[in-house]
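A short write-up of the structure that comes next.
Throughout, read-outs are computed from the coordinates displayed, never taken from laboratory work. Computed from a prediction, not measured in an experiment: that's the story for all the values here. All Cβ positions, even for glycine, are placed from backbone atoms using ideal geometry, and neighbour counts span all protein chains on display.
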Amino acid sequence: MLTGLTVHELAERFKVGDATPTQAARAYLDRIAALDPKVKAYLTVTGDAALAGAAEADARFKSGTPRGPLDGIPLGVKDVFCTRGVRTTCGSKILDGFVPPYDATVVARLVQAGAVILGKLNMDEFAMGSSTENSAYFTTRNPWDLSRVPGGSSGGSAAAVSADLAAATLGTDTGGSIRQPAAFCGNVGLKPTYGRVSRFGLVAFASSLDQVGPFAKDVLDAALMLQAIAGHDPLDSTSATIPVPDYAAGLSRGVQSLRVGIPSEYFIEGLDAEVEAAVRAAIETLKGLGAKTESVSLPHTEYGLAAYYLIAPAECSSNLARYDGVKYGLRAPGARDLLDMYNRTRGAGFGAEVKRRVMLGTYALSAGYHEAYYGKAQRVRTLIQRDFQKAFERVDVIVTPTTPSAAFRMGEKEDPLSMYLNDVFAVPVNLAGLPGLSVPAGFTKAGLPIGLQLIGKAFDEATLLRTAKAYETATTWRERKPELAA
Ligand code: GLN
């Protein structure tokens, strides 16, 4: 089945002429039609555009002029990226009916690489959440257990890869939204260094934290996806000019003598015993492959969540001010005057979690409180950055659990705080702007995937990919697939 293949396996089929991009696109569209009513990963499927793109890729292979490893590959993108002529909702009612006039840089780069875009994937509203339950449209299901969440906010992107509803996908990670759903759904998720990938055309949540990255069926695919999207973009002044290495080329170098740091602050009360056992076993596997482990300390970890849940809402309250019923999407009817129109539109268009964050953020930034909350959170952020800097003087990569537990049930985390706690191992990485990767590291007794998080030095995604590749090669987790009968 073409939909069971990785990106690199599919590319090989195209190359030798065993399959065409059109066959692959059709296979994925058929599978989406059969299974997505169960998984609910897609908000919008762009079948006609996908088939048109696939036909163009067919022609390139026929004439011997394919563009590279993503040519003709069917991919999906989170509905947070602007797509020219295609509805972009960000999981929110307030953007209902919004059709962007341009592509986000990352989407443009995938299209330029010849990729075929199957559609837009479900997400928590404005990327705020850890379960997709905050989507204004519907909740995506975890392919391993349909009564559980896929994680969030990029839940659709993660579920689509695990359910073989796309060969690979793009998501965003502001405080864990790539790594946590990758762990819950059992695939590889990579949050690059802040600045590695352009944010142009990405609907902003918290601009100093947001970063785009791939979900993939294996580590090589993640490397190929990152290669396609990484690098400076003149349209995003925060995108770095640091050269992009050849990620696939460095993958097989192994982990001999690699210095692996293990932070005690990530093995805490509340960490599920099965997750801890899997992560400790993974550390032993890395040792067996020649890595040298060392304990490191990241003493300000416990303040990460508090700092994140001030900084992210503060930035979101400012970014979301633009949704006022004037320029985009929804405008509530029946208003008496302009202010009333703003109030009605925002009241009707935003969901409860978004409203909570806008209010929290506005409060934290207001005169008199700014220094006590926002200012203090920024100083904590600096301390967390310094913790990592110090640790990385002694080690090349830091290994932790991606999440405190495996996927939880839909409706299980009703109060916001228990949902926020799920991000405890993810947010420090965003606050420090570092790259982080989640790779499958086993299953619970109930058959749910467990993720291992690798954290790297700034702009050293290559070491994360190489470490994950060595681990993946030494284990068999990738062979297991969720059972999803149509
Ligand atoms: N779950 C976190 C939040 O709700 C992270 C979201 C994200 O990374 N976009 O803010």
**OP:** Hey, can you tell me all the residues within region 412-433 that are of a type in the set (A, V, I, L, M, F, W, C), in a helix (DSSP H, G or I) and either within 11 Å of the ligand (Cβ to nearest atom) or touching a residue at least 60 places away in the same chain (Cβ under 8 Å) (or both)?
**Re:** MET419, LEU421, VAL427, VAL429, LEU431
Original post:
What tally of residues in region 140-185 results from selecting those that are part of a loop (DSSP other than H, G, I, E, B), among the acidic types (Asp, Glu) and either more than 9 Å from the ligand (Cβ to nearest atom) or free of Cβ contacts under 8 Å to residues at least 60 places away in the same chain (or both)?
Top reply: 1
**OP:** Inspect all residues belonging to region 334-350 and state whether any of them is under 25 Å from the mean Cα position of the chain (by Cα) and charged (D, E, K, R).
**Re:** no
Original post:
For MET123, all conditions in the list (1) of a type in the set (A, V, I, L, M); (2) in contact (Cβ under 8 Å) with a residue 24 or more places away in the chain; (3) outside any strand (DSSP E or B); (4) away from the ligand (no atom under 12 Å from the Cβ) hold save one; what is the number of the exception?
Top reply: (4)
Subject >> Sole exception among (1) among the hydrophobic types (A, V, I, L, M, F, W, C); (2) assigned to a helix (DSSP H, G or I); (3) within 27 Å of GLU483 (Cβ to Cβ) for LEU110, by number >> reply: (3)
Original post:
Does VAL326 qualify as being more than 13 Å from VAL354 (Cβ to Cβ) and either free of Cβ contacts under 8 Å to residues at least 40 places away in the same chain or surrounded by fewer than 20 Cβ atoms within 10 Å (Cβ to Cβ) (or both)?
Top reply: yes
Subject >> Number of positions in region 434-444 that are surrounded by 23 or more Cβ atoms within 10 Å (Cβ to Cβ) and either part of a strand (DSSP E or B) or among the basic types (Lys, Arg) (or both) >> reply: 6
Original post:
Is there any pair linking a residue in region 196-207 that is at positive phi to one that is within 12 Å of the ligand (Cβ to nearest atom) and outside any loop (DSSP other than H, G, I, E, B), with Cβ under 6 Å and at least six apart or on different chains, and which?
Top reply: none
Original post:
Just wondering, is there one or more residues in region 287-307 that are crowded, with 18+ Cβ neighbours inside 10 Å, touching a His at 6+ places or on another chain (Cβ under 9 Å) and part of a helix (DSSP H, G or I)?
Top reply: yes
Original post:
Could we say that GLU133 is within 16 Å of the ligand (Cβ to nearest atom), more than 15 Å from the chain's Cα centre (by Cα) and not hydroxyl-bearing (Ser, Thr, Tyr) here?
Top reply: yes
**OP:** Tell me, yes or no, whether region 40-53 has at least one residue that is over 30 Å from GLY329 (Cβ atoms) and aromatic (Phe, Trp, Tyr).
**Re:** no
